[in-house]
Amino acid sequence: MIRHTVLFKFKPGFPPSDKQAWIDGLNSMAGNIPGMLGLSHGADVLNTERSFDYAIVADFETIEDIAVYNTHPLHEPLKAYSFPNSQQILSVDFHLGDAAPAPIETTQS
């Protein structure tokens, strides 16, 4: 399984009606895109200096399913809201359950 995670830092002035249309569009994708096993998303609740404004987490069966999602008719229109209204967008895609524990490094004094 592949986890697709996207973080958005919005520009000031993202029109509330456009943001709501974008969120409604995200909601419409759940259960309607082949290969998408799950979708969750939401606004940041901590609002720290390093926080991003919004996150999307979606799980897919295969990497190929992410390619289907990226060009799916329910996903494509959302880019017209998020791309021009974001200062920064970060994403990472990783296999779930395949990661080995990170080594613990210690410093000697």
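We did not get these values from a lab; they are worked out from the coordinates using the rules stated. Note that this is a predicted model, so its numbers are computed, not measured. Methodologically, a virtual Cβ is constructed for each residue, glycine included, from the backbone with ideal geometry; neighbour enumeration extends over all protein chains shown.
Okay, here's what the table says:
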quantity: Dimensionless Rg ratio for the chain, taking C-alpha atoms and the 2.2 N^0.38 Å reference; calculated: 1.24
quantity: Between helix 16-29 and the chain: long-axis angle, C-alpha atoms, 0 to 90°, nearest 10; calculated: 70 degrees
quantity: Whole-Hz couplings from phi, Karplus 6.51/-1.76/1.60, listed for the range 89-97; x for Gly and Pro; calculated: 10, 10, 9, 8, 10, 8, 6, 7, x
quantity: 3J(HN,Hα) from dihedral phi, the range 67-82, Karplus parametrisation 6.51/-1.76/1.60, rounded to Hz, x for glycine, proline; calculated: 5, 4, 4, 4, 10, 5, x, 7, 8, 3, x, 6, 5, 5, 8, 6
quantity: Straight-distance crosslink candidates among aspartates and glutamates, where the alpha carbon sits under 14 Å from Lys11 and sequence neighbours closer than 8 are dropped; calculated: Asp53
quantity: Dipole moment magnitude, nearest 20 debye, the chain about Cα centre, only Lys, Arg, Asp, Glu C-beta charged; calculated: 380 debye
quantity: Distance (nanometres) between label positions extended 7 Å along Cα→Cβ at Leu37 and Arg50; calculated: 2.9 nm
quantity: Calculated log₁₀ intensity ratio I(q)/I(0) where the Debye formula runs over C-alpha points of the range 46-96, q = 0.15, 0.19, 0.29 Å⁻¹; calculated: -0.55, -0.83, -1.25
